[in-house]
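Notes for the one structure printed next.
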Amino acid sequence: MERTRSDRSGHRDDPTEAVPKVQKEDPAPVGKGLTVISDTLRNLPSRPGVYRMLNAKGDALYVGKAKNLKKRVTSYTRIESMPMRLQRMVMETHHLEVVTTHTEAEALLLESNLIKQLKPRYNILLRDDKSFAYIMVTGNHPYPRILKHRGKRKPPHQYYGPFASAGAVNHSLATLQRVFLLRTCSDAVFANRSRPCLLHQIKRCCAPCVDKVTEEDYSELIRQSQNFLNGDSNEIQEELSRHMEAASKELDFESAAAYRDRIRALTNIQSHQDINLPSNDDTDVIGLHRAGGQSCVQIFFFRGGQNFGNRAYYPSHNSDDEDGAIIEAFLGQFYDTIAAPRTILVSHEPPNKELIAEALGIRAERKVEILVPARGNKRKLIDHVSLNAREALGRRMAESSTQLKLLKSLAEIFDLPATPERVEVYDNSHISGTHMVGGMIVSGPTGFEKNAYRKFNIKNTDLSPGDDYGAMREVLTRRFARAQKEDPERTKGIWPDLVLIDGGKGQLSTAQQTLEDLGVDDVPLVAISKGPDRNAGREQFHRVDKVPFTLPPAHPALYFLQRLRDEAHRFAISSHRYRRSKAIVRSELDEVAGIGGQRKKALLHRFGSAKAVAQAGVDDLSTVDGISAGLAKRIYDHFHPDH
């Protein structure tokens, strides 16, 4: 790829003489932006590529792709024909960066990636912080394990999904356990079992750990489960029926009953498929609905003909963006991190349908087809998904209206200068001062903004155990010092309009002093303390240099503030539990130099526990894969320092 960059160096004293004026009242800023574009055009190639318009601070205003960069960027010089929104974009342009690509499809992929990364103000943005869950069948064990997985997919494991939610994955895993009796325990637990676990007793596992099933028979169960996940459930049901009949004829009624229960479990999951595709193809169905200047994109996932759930998205866009353009932006950004299925059904045709299908095919390493059904079962499916999008958008708009009213009430209650757009709530969690964690949650006009949540592992070793004041001081110092560094002009929307703290006068005083030490004196602070006997509904609200007060028990804002406080409490506790659980499962093997994840795993598989490793001799240790004689001696010396 080749990069080109243009800025305002070498501009004329009066650039408006060389370009047409658009806004009579202030032509100079538009002229400067046009001059940047004109200067870039002189050396711009007629090749595919991506261009970025940046403002004076270097923030991206817009990212676009082009089959012919020179022609596309030239269109921005005809400013009279542009809507006011694009005129403002050109006016704010301070410099322009260009990356050339080999093909237009490559440019489209790069554009989607940059939009997700930079979040330019004038682009259609897909706002999503959630990763997708998959079902993983492990491939590094003679008795594969089946479990839920998030994150990077690695061989030799096999993955099925994506699923729209963790609930959909858990439901499918429960079905797989009932029907195919597959193990879910870890390899360490598996290696150290001497008798079947409870899952075997309730007929959720075939107990391969104690040789209740042969490796060949277990492999057959794995094959059947994979066929099920690929959509071949009818064939599996027929096969189970044949086994049940054969067991009945041989008067093996216990086995016949077991097959019957598995057939019932399989029938149950099939009956819950509320909408289905006419084939077993992997397909995503995408519907768009717009109302009140907002839009909802609903996507349903079908894998092997089975419905793997659905999810709603609310992209950020301008009112004059076309429906097809919104769908196209969604496709490019959504499939940036996951592979597109072979078929995608959409409610509105993207302007560059063939191009984006080609680009998604390059990314997925297979052919991808984008269809806009006009009739038949596929059209009915699109209508169903679009109806879900309409209903989801209606619920969101109703919730946003209520949320806005509650935020306005906070402005009145706490004498804020305007309705808060961003409310931050802080709380700490620990047990006897250990593993102390601070939590920050964020709420705004659309509700809780979970992608903005932050946890703070307390690092100050000089704090006394359980020093909540010291922990709050560290949390606020780290949070606002970073905000001062990343957004000193307060233009990126990361500064709060109101800070709520779970605590009383002491916490409020600590927070006030901390912000004053940082030079922050214009962020409203409110502390929420439990009332007498710590009764919910009798909370007291403390403000700087104000008399504490309570709200009437039936006041709508009181319940809202309780929700905010409880969400911060929940987040802080869950963060603390996660940190504590990591410390609990940490093994003494982690302290041995040269022992990483793979070698630790190999040692635990060989000996069963860290205690058994500590008792092993050098010769026994050196028989483990990846453990050399020198490393075995080092491990032995670690556990026997006086030897």
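With respect to the numbered conditions (1) in contact with a strand residue (DSSP E or B) (Cβ under 8 Å, 6 or more places away or on another chain); (2) surrounded by 15 or more Cβ atoms within 10 Å (Cβ to Cβ), which one is the sole condition not fulfilled by Asn43?
Status for Asn43: all satisfied but (2).
Based on this model, can you work out whether Ser400 counts as in contact with a Ser or Thr (Cβ under 7 Å, 6 or more places away or on another chain) and outside the structural domain of Phe571 (by TED's automatic domain parsing)? If you could, list the steps in order and put the result at the bottom.
On the way: in contact with a Ser or Thr (Cβ under 7 Å, 6 or more places away or on another chain): yes; outside the structural domain of Phe571 (by TED's automatic domain parsing): yes.
In short, yes.
Determine, yes or no, whether Phe456 is under 30 Å from Gly58 (Cα atoms) and in a strand (DSSP E or B).
For Phe456, the condition - under 30 Å from Gly58 (Cα atoms) and in a strand (DSSP E or B) - is met.
Which of the helices (runs of 4 or more DSSP H) found entirely inside the range 103-196 contain at least 1 residues meeting this: of a type in the set (Asp, Glu) and touching a helix residue (DSSP H, G or I) at 6+ places or on another chain (Cβ under 8 Å)?
Output list reads 104-118, 187-191.
Just name the residue that is surrounded by the most Cβ atoms within 10 Å (Cβ to Cβ) out of those in the range 52-87 that are part of a helix (DSSP H, G or I) and in contact with a strand residue (DSSP E or B) (Cβ under 8 Å, 6 or more places away or on another chain).
Leu69
Given the options Asn460, Asn451, Asn428, name the one that is assigned by TED's automatic domain parsing to the domain that holds Phe541, in contact with a helix residue (DSSP H, G or I) (Cβ under 6 Å, 6 or more places away or on another chain) and surrounded by fewer than 20 Cβ atoms within 10 Å (Cβ to Cβ).
Answer to the check: Asn460.
Under the condition of being modelled with pLDDT of 80 or more and β-branched (Val, Ile, Thr), which residue from the range 141-175 is farthest from the chain's Cα centre (by Cα)?
Going through the qualifying residues, I end up with Ile146.
Taking the criterion of being farther than 25 Å from Asp545 by Cα and crowded, with 20+ Cβ neighbours inside 10 Å, would at least one residue in the range 466-486 satisfy it?
Checking the range 466-486: not a single residue is farther than 25 Å from Asp545 by Cα and crowded, with 20+ Cβ neighbours inside 10 Å.
For Ala418, indicate whether it is free of Cβ contacts under 8 Å to residues at least 24 places away in the same chain and closer than 29 Å to Asn55 by Cα. Full working, then the answer.
Details: free of Cβ contacts under 8 Å to residues at least 24 places away in the same chain: no; closer than 29 Å to Asn55 by Cα: yes.
Criteria not met by Ala418.
Residue-by-condition table, conditions (1) within 20 Å of Asn192 (Cβ to Cβ); (2) surrounded by 17 or more Cβ atoms within 10 Å (Cβ to Cβ); (3) within 41 Å of the chain's Cα centre (by Cα):
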{"site": "Ala593", "(1), (2), (3)": "no, no, yes"}
{"site": "Leu604", "(1), (2), (3)": "yes, yes, yes"}
{"site": "Phe607", "(1), (2), (3)": "yes, yes, yes"}
{"site": "Ala612", "(1), (2), (3)": "yes, no, yes"}
{"site": "Gly626", "(1), (2), (3)": "no, no, yes"}
{"site": "Lys633", "(1), (2), (3)": "no, no, no"}
{"site": "Tyr636", "(1), (2), (3)": "no, yes, no"}
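Taking interchain pairs and intrachain pairs at least six residues apart, which have beta carbon atoms under 6 angstrom, with the first residue in the range 489-513 and under 14 Å from Phe541 (Cβ atoms) and the second part of a loop (DSSP other than H, G, I, E, B)?
Partner pairs satisfying both residue conditions: Leu498/Pro420; Leu498/Pro524; Val499/Val523.
Suppose the filter is surrounded by 21 or more Cβ atoms within 10 Å (Cβ to Cβ) and of a type in the set (Gly, Ala, Ser); does Gly444 pass it? If you could, list the steps in order and put the result at the bottom.
On the way: surrounded by 21 or more Cβ atoms within 10 Å (Cβ to Cβ): no; of a type in the set (Gly, Ala, Ser): yes.
So Gly444 fails the test.
For the structure I just gave you, tell me whether Tyr159 is within 21 Å of Val50 (Cα to Cα) and of a type in the set (Phe, Trp, Tyr).
no
The values are calculated or read from the model by the stated rules, or taken from the named source; none is laboratory data. This structure is a prediction, so every number in the text was calculated from the model and none was measured. Note that each Cβ is placed from the backbone with ideal geometry, even for glycine, and that neighbours are counted across all protein chains shown.
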